[in-house]
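Participant: I am attaching a structure below and will ask some questions about it afterwards.
The values are calculated or read from the model by the stated rules, or taken from the named source; none is laboratory data. In this text the structure is predicted, and so the values were computed from the model without any measurement. Ideal geometry is used to build each Cβ from the backbone, glycine not excepted, and the neighbour counts take in all protein chains shown.
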Amino acid sequence: MKKFFVAAFIAITAMAANAQSWVGGSFGLNFSTPKGGETEISLAISPEYGYNFNDKWAIGIALEEEVSFVGDYDVNVVTLEPFARYTFAKAGIASFFVDGGIGFGCEYTNYEGEMLDNSAWGFSIGFKPGVKLAVTENISLVAKLGFLGYKRFEAPEDYPGAYSYDSFGLGVDADALSFGMYWSF
């Protein structure tokens with residue numbers, strides 16, 4: 001038994017010594033005003049952790065919180081997004097990648113400072129393209145734009161602005177743009 005633990009410790013230490021893990025995240029800020037409507041301000045923050053298996057493949061997980069403000073409503077969306085990353089091209093300090101993943105989320109609303117009883121949920125499955133610029137050996141800047149895939153959102157009937165939807169397609173707009181930074185170790 002003692003030999004097993006020593007072997008396991010050596011294996012884990014060797015993996016950690018060669019590990020190419022990263023921590024960091026991204027943020028997004030969006031302002032939108034529909035005709036005749038109130039301005040909506042959305043802020044999204046998404047901390048992230050990942051592990052590179054090699055130069056092409058990595059896995060990671062992101063926890064995103066998006067807060068939107070419209071009139072008397074504050075809407076919070078919390079999403080957990082595990083993903084696999086494939087780096088398909090490199091040019092100098094730039095690496096071009098696509099993240100394929102699944103997102104699970106919950107939305108809840110505050111109206112005039114009080115949280116409403118009902119919440120909505122959703123999930124997504126799809127791909128997000130991006131670019132990573134290796135500024136130093138340990139610090140990288142990252143940008144992601146777009147989403148190609150399927151999204152489902154389900155709201156209870158008495159939820160404010162109650163709507164449910166299924167969507168499939170490609171979205172490349174300001175809502176799907178995020179910037180971030182990684183620290184690799």
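Participant: Limited to segment 92-146, what total is found for residues that are polar (S, T, N, Q) and at pLDDT below 90?
Facilitator: Adding up the residues that qualify gives 4.
Participant: Give the residues of segment 78-90 that are aliphatic (A, V, I, L, M) and at pLDDT below 95, sorted by residue number.
Facilitator: Across segment 78-90, the qualifying residue is only 78.
Participant: How many residues does segment 69-127 contain that are assigned to a loop (DSSP other than H, G, I, E, B) and either touching a residue at least 24 places away in the same chain (Cβ under 8 Å) or touching a Cys at 6+ places or on another chain (Cβ under 7 Å) (or both)?
Facilitator: The number of residues fulfilling the criteria is 4.
Participant: Okay, next question. So which pairs qualify, if the first residue must be in segment 23-45 and part of a loop (DSSP other than H, G, I, E, B), the second must be surrounded by 13 or more Cβ atoms within 10 Å (Cβ to Cβ), the Cβ gap must be under 9 Å, and the two must be at least 6 apart or on different chains?
Facilitator: 33/40; 34/40; 37/70; 38/70; 39/32; 39/69; 39/70
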